[in-house]
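The values are calculated or read from the model by the stated rules, or taken from the named source; none is laboratory data. On a predicted model such as this, the values are computed, not experimentally measured, just so you know. Positions of Cβ are generated from backbone atoms using ideal geometry, with glycine treated the same way; all protein chains shown enter the neighbour counts. Surface areas here come from the heavy atoms of the whole protein model, side chains and all, with no ligands, DNA or RNA. Shrake-Rupley method; radii C 1.70, N 1.55, O 1.52, S 1.80 Å.
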Amino acid sequence: MKSSSPAWIPSKVKYLANYINGYPFKPSEWSDRGKPIIRIQNLTNPDAEPNFYEGEIPKAYLVREGDLLLSWSASLGAYEWKGPEAWLNQHIFKVELDSEHVTKSYYKWLAEWFMEELNEQAHGSTMQHVTKDRFGGFKVNLPPLDLQQIIVSYLDRETTHIDTLIAEKERMLALLDEKRAALISQAVTRGLDLDVPLKSSGLDWLGDIPAHWNLVRIKYLVTELTQGSSPQASNTPAEPNEDGVLKLSAVSKGRFVRGENKALRESDGSAQLLSLRKGDVLVTRGNTPELVADACFVPQDEPNLLIPDLIYRLRLNPEKVLPELLSYFLVTKEARTQIRRDARGSSGSMVKVSQEHVASWIVPIPPNIAEQEKIVHRMVQVEHQLRSLSDELQESVRLLKERRSTLITAAVTGQIDAKDMVA
C-alpha cells in the first residue's frame, strides 16, 4: 500500500475499534411493539419496514443515532445510523472507535473503502460473507489526526459534487421509468385510439376501458400454470450449454433478464419439464410487497433454463391473448392493486401469491388479436427508445460511482499529497 508520508502508521482494521456483533434475534421473537430491530435490509433500504422487539437484552446491542455500523454478511457496507434508538441484529457490527488514533469522520471514509475491498474478496455471490480473520486482519495505513481531517475535508468536498451529479442522473432514470409505466398503462388499459368509445369496467381500480374490450380472468387465458422447483444450484451463472435455474431477479418490471440464473449442480431429464419456451409468461410468486408478482415474457426458447420454486410459468392460448400484452398489463399500477389485495405473508418483508390468486386476476383485453399486435408493436418501439436513453444514463452513473470509489481509495491509502487536498 503506497503512502505519501512516513507519518502514516501500518495497522489493521481490528485495532481501530471494538466491534460488537448484533444480537441473534429469532423471527419468533419479532413483534409490532417495542424498539425496532436493525436488520441488513434496514441499512440497504431506508424505506424497508422494521420488525420490533419489546423484551430486554444487554444495552451493548442498543444503537443510537450517529452510531457507525458495518454489515458483514449478505450485503457488505458501512453506515451511520440515522434512525431512533434500536436493537442491533446479528451480522452487523456496532463500531466503538479508538478515538485517540482515528476520528469518526475519517473512519467513515476508511470503512467505505475497506468494506468495498472486502466485498470484492468475499466468498459467495448470492450471500456475501466476510470471515472474522479476513475482516480484522485487513491491513490499513493510518495517517495522523491532523492529516485525517485534511482528507475528510477533501473527500467531503469532492464527493459532494460527484454525488450531486449521480442524484441528478438517477432522478432522470426515475422519470424515464415513470414515463414508461404511464405509456404502458395507457396502451394496455385504453388502447392506442384516444377517440375510441369507452365503457365502465365496473372496477374501481381499473376505471373505464374501450367499449369493445373484454374483462377476462387469467384462468380463461392460460393452457398451463406451473410452479417451479428448488434444485441444488451453484452461485455462478450457467454456461451457454449448461442447465441453470432462474433467480427472482430474472423477472424485472416486465423484462426478462436471461443472465440472472444459477448453474445446476445436478440435472436430470425431468427437469426439462420446467424449461422455458418463447411466449412463456413468468410471474414471481414470492418477494417483498413491492416486487411480488412481477411479470415478464420470454422472448425465445430457453431449453436450458428452468423456473424455480418462487416463479410461476404461464402458457397462454395464442388465440385469446398475446404473452407480451399480458405481461405488460401485470406490471401496471392498475394490476398492482389486485395483486396487493391477494398478497399474503407472515411478515411485512416477504409475501406470496398463490396459483389460485394468479388465475383469478382480471385482465382487460381487445378481443381482436390484430389490435393486440398493434399495441405490442407500439410498446416494443417505446421500450427501444426509452431503453437507449436509460442505458446511457446508467453507464454515466456507473462511471461516476467508479470515479468516486477511485477518489476515496486514493485519499485513504496516501496516494494524494496533502498539499493537493487543501482547497
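Would you pick out the residues in the range 56-105 that are over 27 Å from Leu142 (Cβ atoms), outside any loop (DSSP other than H, G, I, E, B), open to solvent by 40 Å² or more (accessible area, probe 1.4 Å) and at pLDDT 90 or above? Give the steps one after another, and end with the answer.
To start, the set of residues in the range 56-105 that are over 27 Å from Leu142 (Cβ atoms) comprises 56-59, 61-62, 74, 83-87, 89-90.
Then keep just the ones that are outside any loop (DSSP other than H, G, I, E, B); that gives 59, 61-62, 74, 86-87, 89.
Subsequent filtering for residues that are open to solvent by 40 Å² or more (accessible area, probe 1.4 Å) retains 59, 61, 74.
Matches in the range 56-105: Lys59, Tyr61.
Any residue at all in the range 334-343 that's of a type outside the set (Lys, Arg), open to solvent by 10 Å² or more (accessible area, probe 1.4 Å) and touching a helix residue (DSSP H, G or I) at 6+ places or on another chain (Cβ under 7 Å)?
Narrowing the range 334-343 to residues of a type outside the set (Lys, Arg): 334-335, 337-339, 342-343.
Narrowing further to those that are open to solvent by 10 Å² or more (accessible area, probe 1.4 Å): 334, 337, 342-343.
Pick out the ones that are also touching a helix residue (DSSP H, G or I) at 6+ places or on another chain (Cβ under 7 Å) and you get 334, 342.
Yes, the range 334-343 contains a residue that is of a type outside the set (Lys, Arg), open to solvent by 10 Å² or more (accessible area, probe 1.4 Å) and touching a helix residue (DSSP H, G or I) at 6+ places or on another chain (Cβ under 7 Å).
Would you say Ser390 is modelled with pLDDT of 90 or more, crowded, with 20+ Cβ neighbours inside 10 Å and of a type in the set (Gly, Ala, Ser)? Write out each step before concluding.
On the way: modelled with pLDDT of 90 or more: yes; crowded, with 20+ Cβ neighbours inside 10 Å: no; of a type in the set (Gly, Ala, Ser): yes.
Spelling it out, it is not the case that Ser390 is modelled with pLDDT of 90 or more, crowded, with 20+ Cβ neighbours inside 10 Å and of a type in the set (Gly, Ala, Ser).
Closer than 30 Å to Glu395 by Cα and in contact with a helix residue (DSSP H, G or I) (Cβ under 9 Å, 6 or more places away or on another chain) - does that describe any residue in the range 144-152?
As a first pass, look at the range 144-152 and keep what is closer than 30 Å to Glu395 by Cα: 151-152.
From what is left, the residues that are in contact with a helix residue (DSSP H, G or I) (Cβ under 9 Å, 6 or more places away or on another chain) are 151-152.
Yes, some residue in the range 144-152 is closer than 30 Å to Glu395 by Cα and in contact with a helix residue (DSSP H, G or I) (Cβ under 9 Å, 6 or more places away or on another chain).
Cβ-Cβ under 6 Å, sequence separation 6+ or interchain: first residue in the range 193-205 and among the hydroxyl-bearing types (Ser, Thr, Tyr), partner surrounded by 10 or more Cβ atoms within 10 Å (Cβ to Cβ). Which pairs?
Going by the 6 Å Cβ cut-off, the qualifying pairs are Ser200/Asp208; Ser201/Ile209.
To keep it simple, each residue is scored yes or no on (1) more than 30 Å from Glu324 (Cβ to Cβ); (2) in contact with a Lys or Arg (Cβ under 7 Å, 6 or more places away or on another chain); (3) of a type outside the set (A, V, I, L, M); (4) in contact (Cβ under 8 Å) with a residue 40 or more places away in the chain.
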| residue | (1), (2), (3), (4) |
| --- | --- |
| Tyr79 | yes, no, yes, no |
| Trp87 | yes, yes, yes, yes |
| Lys94 | yes, no, yes, yes |
| Ala111 | yes, no, no, yes |
| Pro143 | yes, no, yes, yes |
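Suppose the filter is open to solvent by 60 Å² or more (accessible area, probe 1.4 Å) and at pLDDT 90 or above; does Pro24 pass it? Outline the logic, then answer.
Values: open to solvent by 60 Å² or more (accessible area, probe 1.4 Å): yes; at pLDDT 90 or above: yes.
For Pro24, the condition - open to solvent by 60 Å² or more (accessible area, probe 1.4 Å) and at pLDDT 90 or above - is met.
Checking the condition touching a helix residue (DSSP H, G or I) at 6+ places or on another chain (Cβ under 6 Å) and either surrounded by 12 or more Cβ atoms within 10 Å (Cβ to Cβ) or of a type in the set (Lys, Arg) (or both), which residue from Leu225, Leu198, Leu221, Leu215 passes? Before the answer, list the steps.
On the way: Leu198 fails: touching a helix residue (DSSP H, G or I) at 6+ places or on another chain (Cβ under 6 Å); Leu221 fails: touching a helix residue (DSSP H, G or I) at 6+ places or on another chain (Cβ under 6 Å); Leu215 fails: touching a helix residue (DSSP H, G or I) at 6+ places or on another chain (Cβ under 6 Å).
Of Leu225, Leu198, Leu221, Leu215, the one residue that is touching a helix residue (DSSP H, G or I) at 6+ places or on another chain (Cβ under 6 Å) and either surrounded by 12 or more Cβ atoms within 10 Å (Cβ to Cβ) or of a type in the set (Lys, Arg) (or both) is Leu225.
Using beta carbons and a limit of 9 Å, which pairs, at least six apart or on different chains, have the first residue in the range 11-37 and aromatic (Phe, Trp, Tyr) and the second one part of a strand (DSSP E or B) and open to solvent by 70 Å² or more (accessible area, probe 1.4 Å)?
Sorted first by the residue in the range 11-37, then by its partner, the pairs are Tyr19/Glu96.
Please enumerate the residues belonging to the range 347-356 that are touching a residue at least 40 places away in the same chain (Cβ under 8 Å) and either polar (S, T, N, Q) or open to solvent by 20 Å² or more (accessible area, probe 1.4 Å) (or both). Break it down stepwise before answering.
Restricting attention to the range 347-356, the residues satisfying the condition of being touching a residue at least 40 places away in the same chain (Cβ under 8 Å) are 347-355.
Ser347, Gly348, Ser349, Met350, Lys352, Ser354, Gln355, listed by residue number.
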